[in-house]
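Inspection log for the structure reproduced underneath, given as structure tokens.
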Amino acid sequence: MAEVRVRFAPSPTGYLHLGSARTALFNWLYARNRGGEFILRIEDTDAVRSKKEYLDEILDSLQWLGLNWDGETYFQSKRFDIYRKYADKLLEEGKAYRDGNAIAFKMPKGECVSFYDMVHDKIEINTDELKDEVLIKSDGTPTYNFACVIDDADLKITHIIRGDDHIPNTPKQFMLYKALGLQPPKFAHMPLILGPDKAKLSKRHGATAVAEYRRMGYLPEALVNYMVLLGWSPGNNRELICGEELIKKFSIKSVGKVQSIFNIDKLNWLNSQYIRNYDPNKLCDIIMPRLVEAGLVKEDFDKTRFKKIIELFKTRFSNAEDFIQKSAYLFREDVAYEEGMREQFLNDKRIQKILKDLAGRFDGIKEKDFISKTIEEATRSFIAEVGIEGKDLIHPLRVAVTGQTVSPPVFDVLEVIGKEKVVKRLSSL
Ligand code: GLU
């Protein structure tokens, strides 16, 4: 049996949100760091609220994040006999009683529950503050606290890493361990993640589901890196960390007691860092469906061309929406000028004429030769002939074809826009 056995215990009553995903991540990291096991247990005792679509989505998101679990997936709904057996034992021993069809635990009075939390240090409470605890409801289903204790003991879980909203449950669970003569595991309660307004992170702060971030073009490595920083840090103000190094460095002991604040700008920054070094083919697969959805391209858009575009932009965007915003001019029929750009760069009749002449020059280039290098050569010799300063042509040229003053290198951009559109945009000024 591994020295460390942790578990992630989601309820399939909603999508996997960032808070739960971070809990899963910290458990997974702890297990991998210590050469232990990471168990997945589905807390689906509520037959009405538990949904297959949520379960599928949770499993899918965990796999996407790379949080692979060990051994079989446990389902509480398949373990009702086990809970019943333990509840009967407590009944027989007089530690529980019947309340109609329900079974309740008789909370002993005047006892001190004290435990050491790996994040919060000592937590202490007197059982006088606790009420009797229902173990099995009248409909026969176990309660969370009861099923949780039985399963954690039965699955030989050594450390429980979960959100600190569960701290009020822990003393009750301790008393159940005691009544059952079982050894409690160690606990680490992670501070919650807050929104920028310091309220618990929720939908009104924006997307909360991991699947939504996936859809928006965030990379799993970036999301994992971001989530681990919500509570832990590799030190020395370092922020980028992933893979084996992250596993090696991670430690629960250095998880802070203070709540972390969700910051989308930091997530965007991290994502842009991972995008830079990502496999372009994979990036294409991630971004392309979003472009199709935005109506900018059709599904049969040329893959080779799209890969070129991704390569051109990969140091410049932080997610799918950002990519779309920065690259839409490549796909749209016409240019949408940024405010004031047309007036500033293209109102001059002379420059309009020059750009139209340049369009003629481009038109003379064969379709298959309309590549960055040839376009640049043609433009350079045109510049020499006309006797204009390079920059006096390049800036208006960029604005004329992209509508903005900032873009990847202009000749590369012209290539990926394609000859037909470039010529059209320049000659219709
Ligand atoms: N199903 C519980 C939750 O999602 C698990 C809590 C625990 O880890 O004990 O909050």
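The values are calculated or read from the model by the stated rules, or taken from the named source; none is laboratory data. All figures in this text were calculated on a predicted structure; none of them were measured in a lab. As a convention, Cβ positions derive from the backbone with ideal geometry for all residues, glycine included, and neighbour counts pool all protein chains shown. Ligands, DNA and RNA are stripped out before the accessible areas are found, and what is left, the full protein with its side chains, is counted by its heavy atoms. Shrake-Rupley method; radii C 1.70, N 1.55, O 1.52, S 1.80 Å.
Odds and ends about this structure:
- The set of residues in segment 309-347 being in a helix (DSSP H, G or I) and β-branched (Val, Ile, Thr) consists of ILE309, ILE310, ILE324.
Yes or no, residue by residue, for (1) aliphatic (A, V, I, L, M); (2) under 19 Å from the mean Cα position of the chain (by Cα):
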| position | (1), (2) |
| --- | --- |
| HIS189 | no, no |
| LEU201 | yes, yes |
| TYR213 | no, yes |
| ALA222 | yes, yes |
| TYR226 | no, yes |
| LEU240 | yes, yes |
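- Segment 109-121 - residue that is under 32 Å from the mean Cα position of the chain (by Cα) and charged (D, E, K, R) and, of those, least open to solvent (accessible area, probe 1.4 Å): ASP117
- Check on VAL423, under 23 Å from LYS314 (Cα atoms) and either among the polar types (S, T, N, Q) or not in a loop (DSSP other than H, G, I, E, B) (or both): no
- Single residue of ILE388, ILE394 found to be among the β-branched types (Val, Ile, Thr), without any contact (Cβ under 8 Å) to a residue 60 or more places away in the chain and in a helix (DSSP H, G or I): ILE394
- Taking first residues from segment 63-83 that are modelled with pLDDT of 95 or more and partners that are of a type in the set (S, T, N, Q), the Cβ contacts under 6 Å between residues at least 6 apart in sequence or on separate chains come to GLN76/THR45.
- Residue match in segment 127-148 (condition: closer than 30 Å to GLY231 by Cα, of a type outside the set (Ser, Thr, Tyr), surrounded by 14 or more Cβ atoms within 10 Å (Cβ to Cβ) and touching a Ser or Thr at 6+ places or on another chain (Cβ under 7 Å)): yes
Residues checked against (1) of a type outside the set (Phe, Trp, Tyr); (2) at pLDDT 95 or above:
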{"position": "ALA199", "(1), (2)": "yes, no"}
{"position": "ALA211", "(1), (2)": "yes, yes"}
{"position": "TYR218", "(1), (2)": "no, yes"}
{"position": "TRP269", "(1), (2)": "no, yes"}
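- Residues of segment 372-391 classified as open to solvent by less than 70 Å² (accessible area, probe 1.4 Å) and within 45 Å of the chain's Cα centre (by Cα), total: 6
- Filtering segment 15-30 to residues that are among the hydrophobic types (A, V, I, L, M, F, W, C), within 13 Å of the chain's Cα centre (by Cα) and farther than 10 Å from MET227 by Cα leaves LEU16, ALA24.
- In segment 152-161, residue nearest to the ligand (Cβ to nearest atom) [restricted to those that are touching a helix residue (DSSP H, G or I) at 6+ places or on another chain (Cβ under 7 Å) and open to solvent by less than 10 Å² (accessible area, probe 1.4 Å)]: ILE160
- Helices (runs of 4 or more DSSP H) enclosed by segment 1-101 - at least 2 residues per element that are in contact with a Gly (Cβ under 8 Å, 6 or more places away or on another chain) and surrounded by 23 or more Cβ atoms within 10 Å (Cβ to Cβ): 18-33
- Positions within segment 31-62 being within 16 Å of the ligand (Cβ to nearest atom) and either of a type in the set (Phe, Trp, Tyr) or free of Cβ contacts under 8 Å to residues at least 24 places away in the same chain (or both), in sequence order: PHE38, VAL48, TYR54, LEU59
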